[in-house]
Amino acid sequence: MMWRLYAAAFELLESASSTVGRSPRATRGWTLNELVRRLSASFPMARKREIVRLVRELVALGVLRRRGRRYVRVPHVAFVVGTLKRPRRGLSLVTPEGEIAQRKYGEVRVRESQVGTAGHGDRVLVRVLGRSSKGASEGVWEGRVERVLERVHVLVVGRFMRTPYVGYVIPLDERFPYEIEVAPEDSLDAEEGQIVVVELLRPSAAHHPPVGRVIEVLGRDGDPGLDEEIVIHKYRLPVRFSEAARREAAALLPIEGDAHKRRDLRGWLTVTIDGESARDFDDAVSIERLPDGSYVLGVHIADVSHYVLEGSALDAEAYERGTSVYFPERVLPMLPEALSEDLCSLKPGVDRLALSVLMKLDRRGELLAYELCESVIRSRARLTYTFVNEALAGRARSLSGVVSMLDEDLLPRLLGALRAMAELAPILIARRQERGAIDFDLPEPVVLFDDEGRIGGIVRAERNLAHRMIEEFMILANETVARHLTERNVPMIYRVHEPPEEERVREFLALVRALGVSIPRRGLREARDFQQLVRQFAGRREGGVLSLLLLRSFRPAVYTTVNRGHFGLALECYTHFTSPIRRYPDVIVHRALRRLLRRPRSAPRVRGTKTLERIAEHCTERERLADEAEREVIAWKRARFMAERIGQEYEGLIVGVKDYGFYVELEDVFVEGLVHISTLTDDWYVFDPQRHALIGRHRRRQFRLGDIVRVRVARVDVDHRLVEFVLVGLPEPRRRRSS
């Protein structure tokens, strides 16, 4: 983690540079002891000798100049520390660490010739060379990688191949561009074509490939669970829990001594509503409709913080993971199964500890009053979204699955409660839309398996009223808890979603104008303006694609201790509270709330703000890593599924147009693939960036976003998760004669 010390040093220098002329420190410099003191405060883990060594390196790099007993900043010499993002194609980017550097440089672009041996995800030291040729006012910053501070690709997953003299591994990640040489004695007897994990012994150097040794053989194509194993090793996802954490989990009891101090809600009609495959139930709901037409909505969340104590081995494991990771065939839980699927899971028919949010709402959905409390609940039934949707539609056969769980007299009450929830949810949805919240409602892929465990299909997940109902109740509970803690000045972790950058919005507006979408006269300023645009998309066949492109133009939501609101939900204050079994920030919020509930008149004991911010940053990183890993597993499944369908024809929608071809999303199978421009043999096609179309030079045929085309599966590269189509009805590409 020494890269953090470098980042702290350059943030200090950027701070001094920004105060030149206003602060004598900027020109007078620092003594060595002052630098040690300042950097130790920013990075407490650093030792004095490490800071002294860093100062010497900064002098050698020309960043600092020694003047007597002081070190002063050399003007016009700039470095940033950040994470290298090396895409499959194009230029690499480095996002600087530190707020000052981020504001000043944004993302620093690094050309391929300036990357050196750095790989995707490595922490690097970059010399800022200046602005690009566009000009100082609009050009992007460019840089050169001077040093790799921390390598991520210590372990690489790839396909093992042999030559008569040496073995080598072809990385499955195209962002690692080198084949890795493996000596025979380091091959672990891997066979040709097997997928292996290789440890780098020596990075690549000029004219020399990297050298490694095989430390694990994962298997061959077609082996059950191979895709998940590849992704787990690639992203270094924790799988096993420490012995200390397992011992702590085994020693816990379902209901411990202070249950009598809690609000007893076991008599309430409380149920869980989740997907069919869910195994951890961390939220339950209850509702009562009062004679005056108002509602009392209860959202009851598993009290994970009661079991996962601050500083415990379980806490350390949960923090390291940050979030549970969900694959189609496997879950990597944030907590051991003894907690995630048992003690903390709100299973039906058993007493469970919870934190409850009890909210009274009028018939217009306005929050009249609320109560937060530690509680004991007993879920009466484990319901699914499908069951709830069918029950509300009056399909009596759907009731058979839960009748056995309920007393006969409770069944009418259950149906009445579901109807009350179904009345309240649209009211809350309408209120959210009135304040300008943006609802993209994008489909997610679901992998279907046959009885033998093979992929039987990949479809779009269906969302019904039950999904929307629970989503609205959880949003309301999260907002209520966030406001409660904020009004009492409790330091906490917020879920923040900032407005999109103006440049990204301008690029998106250029796209939708070219497609004939009308734009609000004043442009896109508030969330409500974006909401109106999304509503227009709903009536177009390419509406889902446009919604996805708009979403990608937004900044990602993050965890932070600074409340900057949630743009997408149009809320001034928001947090994550409702999923503590699978999200670590929720556990932190639970701890803050429990302390406040137990000591309402005194300032609650909370972690320092810097510590909370580090937790927030770490959880944001872990969430993004988990999302990327989950997407990659789906990409593996899609590629393997389509590899068995070479030659089959499908109808699909053009969802992206580039200068090298266009992407098609199939209708019957939720899979996307590329039609390369070289396969368009009926004309010479040119990319028109204004129209976002490929246009034939002679026949003027166009391929635009939203067009329906019929394609045939031509090629699948499973290792790189690439699916290629050709248009049906075009002549086959001419093959070059071999000379």
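Every number in this text was worked out from the coordinates using simple rules, so none of it is lab data. What you see is a predicted model; the values in this text were computed from it and never measured. No Cβ is skipped: glycine too gets one built from the backbone with ideal geometry, and neighbour counts run over all protein chains shown.
In table form, for the structure just shown:
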quantity	calculated
Region 79-150: relative contact order in percent, alpha carbon pairs under 8 Å with at least 6 residues between	33
Exposure proxy order (Cβ contacts within 10 Å, fewest to most) of Thr272, Thr386	Thr386, Thr272
Region 67-108: trypsin sites (Lys or Arg not before Pro) in DSSP coil with no more than 10 other Cβ atoms inside 10 Å	Arg69, Arg89
Cβ-based exposure ranking for Asp683, Asp122, in which fewest neighbours within 10 Å come first	Asp683, Asp122
Residues Arg506, Arg431, Arg352 arranged by fewest to most Cβ contacts within 10 Å	Arg506, Arg431, Arg352
The chain - percent relative contact order, Cα under 8 Å, separation 6 or more	8
Across Lys610/Lys658; Lys85/Lys637; Lys48/Lys104; Lys85/Lys610, pairs whose alpha-carbon gap is larger than 32 Å	Lys610/Lys658
Near-label residues of region 614-646 by backbone N, under 18 Å of a point 7 Å along Cα→Cβ of Arg279	630
Spatial separation of Cα centroids for region 147-193 and region 46-121, in angstrom	29
For volume of the Cα convex hull per residue in Å³, calculated from these coordinates, the label among (1) 170; (2) 186; (3) 222	(3)
Estimated distance in nm for a label pair at Thr486 and Glu192, the labels positioned 7 Å out from Cα along Cα-to-Cβ	6.4
Segments 469-475, 374-380 sorted - mean Cβ within 10 Å per residue, highest first	374-380, 469-475
Extension gain from Val59 to Arg564, taking 0.36 nm per residue of separation minus the Cα-Cα distance	177.9 nm
Nearby lysines by direct alpha-carbon distance to Lys261 (threshold 28 angstrom, same-chain neighbours under 8 apart not counted)	Lys347, Lys360
Nearest-0.05 FRET efficiency for His260 and Ala316, computed from C-beta distance (R0 22 Å)	0.10
Percentage relative contact order, region 653-739, counting C-alpha pairs under 8 Å, at least six apart	28
GluC sites (Glu not before Pro) within region 54-146: DSSP coil, no more than 10 neighbouring Cβ in 10 Å	Glu138
Calculated FRET value between Glu50 and Glu366, using beta carbons and R₀ = 45 Å, to 0.05	0.20
Counted charge near Glu621, where neighbours are those whose Cβ lies closer than 14 Å (Asp, Glu -1; Lys, Arg +1)	+1
Simple spin-label estimate for Arg535 and Arg236 in nanometres, 7 Å along Cα-Cβ	4.8
Fraction of beta bridges assigned by DSSP in the chain that are antiparallel (%, nearest 5)	90
